[in-house]
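Participant: Structure incoming, see below.
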Amino acid sequence: MPATPPSAAVEAERLHKRYGPKVAVEEISLSVATGEIFGILGRNGAGKTTTVELIAGIRKPDRGTVRVLGLDVRRDRARLRQVLGVQLQDATLHAALTVTELVRLYATFYRDPVPAGELIESVGLTASARTRFESLSGGQQQRLSIALALVGRPRVVILDELTTGLDPEARRQMWSTVERLRDSGVTVLLVSHAMEEVERLCDRVALLDAGRVVALDSPAGLVKRAGFAQRITFRAASPVPGGLLEGLAGVDRVRADGDRVVVEGRGDLLQAVSVALVRAGVVATETRGEQAGLDDAFVALTGHRLDTEEEKIR
Amino acid sequence: MTDVTVHRPGPRAFAELLICELKSVARDTAGLIVPIGLPMLILVMNASAAGREPVAHGRTALDVFVLPLVFTMVVATTGIVNMPSFLAYYRRSGILRRLGVTPVSPVMVLVAQAVVGALQIAVGIAAAWILAVLAFGANPPVRAGAAIGVLALTVAAMYAVGLIVAALSPTPNSSVAIGLTVFFLLGATGGMFGGRDSLPEAIATVGQWLPFGAGTEALSAAWMGAPVEAAPLIGLAAAAVCGTVVAALFFRWD
């Protein structure tokens, strides 16, 4: 056992994992500080789930090492299981058992579990405490799954697709639960493809694409890499004279697709564009302005959009 | 930070796991039909055909041939078919994966399931026995202790075979198919579809060492008060040991 405490809660070094000919994780290194909410963001097949499975010690990497609170996840499994709570994306529970029965069962696996009633209440399942797992809605099953990840008072929690399948109200409730976890000093590793969730919760985000970390920064830091701060889209009733918008102060990029025009830039962009259009006698309709977000950063960094799986139903 | 002491889930966790498994079984009424209903059906189908003439020590053909066969079938269906298919379901649904990230050991999960299976076997055998006594005037084994011992060893052997099936099947679904195939193979070579006398000699000899044939033969001997030979006992014990070793080496959570 090392005498000096590790500085990081999770330390993954040069992880590599392939399934047959398919490389799931090419080369992933990341370091999660204690007490941090760390996001892993990426599309389906980017290697998110494999990465967390390697970190949770469920899968054996072909190469590389993972330490959680200084414990080697493959060799110190017994210790690891005491301090690491895991919510798996595709794991279900005993179908015929009720919420209370399942929480009580999992509680017996740990030294100092959270009392069942308290835990069930914290994820908003008190009214369904006597409902069998198979009769719960998808969102309720998800919440129970999160409760079970927390029952042993873990110091590090892995949450895989935390709010997939939850309605907006339940989603916000889950987010407060995660924020309370951070307040109590728990380190959270959050796998997600929901931008809003990552932007709101995460201190830092690793952006995964094709089995690699393509960027690692705070959500705000990632947004900066989108290459622009604002975007304005509008429909032009008549053609916009060439060079009109490109020459404006603060404009970085102009794209036209038929009568639809997209302008990206910074500063008082909307004002500048409107004035220029009016002066040129171009009538603009359906004008929409938006701040750059993680979505845009994702496109800038990987070359493709993330939202193709936003509607994925579990 | 690494001053983590290991808390191993103990008897309380095991008891809770066992209770939960029992509740799951009890709430799945369809799952109870095979282990309890099938042996009774086989018994009824064979009881009237078996003569009432005493074969040895006042025991009839029903006692020394049909009941050992029925009891061995109860054990075999539970051990070789039900147990792997239960594990298949647990794997496919991710229940084992989920348990795999808790401090609970896979052995505890397996043992809890084995106990549940043993209880199912006990209920199945008890039901068949009561029916045999009440409806067909069955007699208890001459050497009851030996019969119970043989039955226990058969349970261990059949479970071990089930564990081999579960551990070596490439996918969860294939384990059910493989389990059924193994069950019928063992049954066929062990006299499930008629006496072993009618089998080719080589197959009959092999079948005598395999758990099904060995179990029925040893149980039959104990029932009629004859000495239980070493061969079937060795066969059963060997199956139990092999299965446990294979399962320990190859068990997977998913």
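Participant: Hand me the chymotrypsin sites (Phe, Trp or Tyr not before Pro) from the range B:175-253 located in a DSSP loop with no more than 12 other Cβ atoms within 10 Å, in residue order please.
Facilitator: B:F193
Participant: A further question follows. More than 31 angstrom separation, counting every C-alpha pair in the range B:26-250; what % is that?
Facilitator: The proportion of pairs with Cα distances above 31 Å equals 20 percent.
Participant: Starting from the Kirkwood radius over alpha-carbon pairs of chain A, derive D by Stokes-Einstein at 20 °C in a medium of 1.002 mPa s and give it in µm² s⁻¹.
Facilitator: 99
Participant: Right, another one. Can you tell me the Rg and the Dmax, both Å, for the Cα atoms in the range B:11-147?
Facilitator: That works out to 18.1, 59 Å for Rg and Dmax.
Participant: Got a sec? Charge dipole of the protein assembly as shown, +1 on Cβ for Lys and Arg, -1 for Asp and Glu; which of B:P172, A:V205, B:A114 is way out at the positive end?
Facilitator: Selected residue: B:A114.
Participant: Please compute the alpha carbon radius of gyration of the range A:161-314, then divide it by the globular-protein estimate 2.2 N^0.38 Å. Two decimals is fine.
Facilitator: Taking N as the residue count of the range A:161-314, the ratio is 1.27.
Participant: In whole Hz and in residue order, list the ³J(HN,Hα) couplings for the range A:237-244 that follow from phi through the Karplus curve 6.51 cos²θ - 1.76 cosθ + 1.60, θ = phi - 60°; x for Gly and Pro.
Facilitator: Going residue by residue, I get 5, 10, x, 7, x, x, x, 4 Hz, with x marking Gly and Pro.
Participant: Assigning unit charges at the beta carbon (Lys, Arg +1; Asp, Glu -1) and nothing else, what dipole magnitude in debye, to the nearest 20, does the range B:117-254 show about its Cα centre?
Facilitator: Around 180 debye, computed over the range B:117-254.
Participant: Just from its helices, what would the mean residue ellipticity at 222 nm be for the protein assembly as shown, if runs of 4 or more DSSP H residues each count -39500 (n - 2.57) and the sum is divided by every residue, rounded to the nearest 500 deg cm²/dmol?
Facilitator: -14500 deg cm²/dmol
Participant: Place the peptides B:199-205, A:127-133 in order of packing, highest mean first, counting for every residue the other Cβ atoms within 10 Å and averaging per peptide.
Facilitator: Listed from highest to lowest mean packing, they are A:127-133, B:199-205.
Participant: Can you give me the orientation-averaged projected area of the convex hull built on the Cα atoms of the range A:227-293, in nm²?
Facilitator: For the Cα atoms of the range A:227-293, the hull's average projected area reads 4.0 nm².
Participant: Rounded to the nearest 20 Debye, what is the dipole magnitude of the range B:26-250 about its Cα centre when Lys and Arg each give +1 and Asp and Glu each give -1 at the C-beta?
Facilitator: Magnitude of the dipole: close to 700 debye.
Participant: Quick one: check the C-alpha center-to-center distance for the range A:151-165 versus the range B:168-225, whole angstrom.
Facilitator: Centre-to-centre (Cα) distance: 48 Å.
Participant: Loop-only check: which trypsin sites (Lys or Arg not before Pro) in the range B:1-89 are DSSP coil with at most 15 other Cβ within 10 angstrom?
Facilitator: Here the trypsin sites (Lys or Arg not before Pro) that fit, given the DSSP loop and packing criteria, are B:R52.
Participant: I'd like the residues of the range B:101-126 whose 1.4 Å-probe accessible area shrinks by no less than 50 Å² going from the isolated chain to the full set of protein chains.
Facilitator: With the partner chains in place, the range B:101-126 has these residues losing at least 50 Å²: B:V101, B:P103.
Participant: So how long is each side of the protein assembly as shown along the principal axes, counting just the alpha-carbon atoms, biggest first, in Å?
Facilitator: Principal extents (largest minus smallest coordinate, Cα): 115, 58, 47 Å.
Participant: On a 0 to 90 degree scale, rounded to 10, what angle separates helix B:67-76 from the longest Cα axis of chain B?
Facilitator: Approximately 20 degrees, to the nearest 10.
Participant: Considering only A:V156, A:A220, A:Q82, whose Cα is most displaced toward the positive end of the charge dipole of chain A, charges sitting on Cβ of Lys, Arg (+1) and Asp, Glu (-1)?
Facilitator: The residue sitting farthest along the positive end of the dipole is A:Q82.
The values are calculated or read from the model by the stated rules, or taken from the named source; none is laboratory data. Being a predicted model, the structure only gives us computed values, none of them experimental. In this analysis, Cβ positions are derived from the backbone assuming ideal geometry, glycine residues included, and neighbour counts consider all displayed protein chains. To get the accessible areas, we keep the full protein, side chains included, count just its heavy atoms, and leave off ligands, DNA and RNA. Shrake-Rupley method; radii C 1.70, N 1.55, O 1.52, S 1.80 Å.
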